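Derivation of every value follows stated rules applied to the coordinates shown; laboratory data play no part. Only a predicted model underlies this, so the values are computations on that prediction, with no experimental measurement involved. Counting neighbours? That spans all protein chains shown, and the Cβs are built from the backbone with ideal geometry, glycine included.
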Amino acid sequence: MARRRKGSKGDDVGTPAPREMLPAERRARIVAALKDQRVVRVPALSESLGVSEITIRRDLLLLEQEGVLDRTYGGAMLKEQVSTVPRWDDAVAVNAAQKDAIAAAAAEMIEPQDTVSLGSGTTVVNILRHVDPELEARVVTHSLAVAADARGLKLEVLFLGGLYRPQLDAVEGSWPLDLINQVYADKAFLGADCLDLRAGLTTSSMAAATVELAMIRRTRSEVVVLADSSKIGLVGPLVICPLDQIDVVLVDDGIDPAMMKQIQRAGPQCEVVPA
């Protein structure tokens, strides 16, 4: 029987050497992993792609500069662009348990005689369901859903009238802005369509952007953002405020721990709520 000739190291002469992956192909695989997992780690990418951790970090830096991702300690998180506002009924049903847990934590922050501004987010609307029925405080809101949940409570509600947007179940326009300018709130509780390290708090809704920015500007103490973990890393086309204008971010325990630390380094206190 004829023997196959071998190379000096015992490899079959006819076996081709493995093809080295092109940088563009490697980065495409990193993006594919991000879209599948939302969060990736440098050591895992290094092992799966067969390159050094230094090379992976260089790839992540380039992808961050292209706006694809946000680097975190030891890895990266996908940055997604959001261009449309989901229908209210659809948005309410997403991550409902996480949103309810976050809203309960926010309700505990409201003290007797507080004046609080409540935005129109689908997490914020759950806050009043967790408020003590005997609590005496004032609520300022442009959300019809929030105002409806005040029935049976001892709260005073200042509803900001204006042009009603069924998609948000809230109002917008110059009238709510005029009324907000007559009030100073102790705290503001705002939902998050999108929360990103660099872009800050953003949205695709002009109604939310204008009214809730005005709420922030008329808040004397804490600006609190309620964000279920699916909103972290998303970027909308309209800016509400950068992270350094937010005092507290309430988020569920689905958040990546490295991202939580990154948010805190950017300014806000980040409190994780078990869902």
*Rounded to the nearest Å, what's the spacing between the alpha carbon centres of the range 153-206 and the range 223-275? Just the number, please.*
18
_Signed unit charges on C-beta, dipole axis of the range 176-275, positive-most listed residue 274, 180, 194_ = 180
*asked:* Contact order normalised by length for the chain, with contacts defined as Cα pairs under 8 Å and 6 or more residues apart; what percent is it?
replied: 16
*Taking the chain as a Gaussian network, Cα atoms linked when under 10 Å apart, which of 37, 182, 262 shows the biggest mean-square fluctuation?*
182
*Sum -39500 (n - 2.57) across every DSSP H segment of at least 4 residues in the chain, then divide by the residue count to get the 222 nm mean residue ellipticity, nearest 500.*
-9500 deg cm²/dmol
_Within the chain: Cβ-based charge dipole about Cα centre, in debye rounded to nearest 20 (Lys, Arg +1; Asp, Glu -1)_ = 1720
_aspartates and glutamates whose Cα lies under 18 Å from that of residue 35, excluding same-chain neighbours fewer than 8 positions away_ = 25, 59, 64, 66, 70, 80, 196, 256
_With both bridge residues required to lie in the chain, what share of the DSSP beta bridges run antiparallel, to the nearest 5%?_
40
*Specify which residue in the list 73, 234, 249 is farthest towards the positive end of the charge dipole of the chain, using unit charges on the beta carbon of Lys, Arg (+1) and Asp, Glu (-1), about the Cα centre.*
73
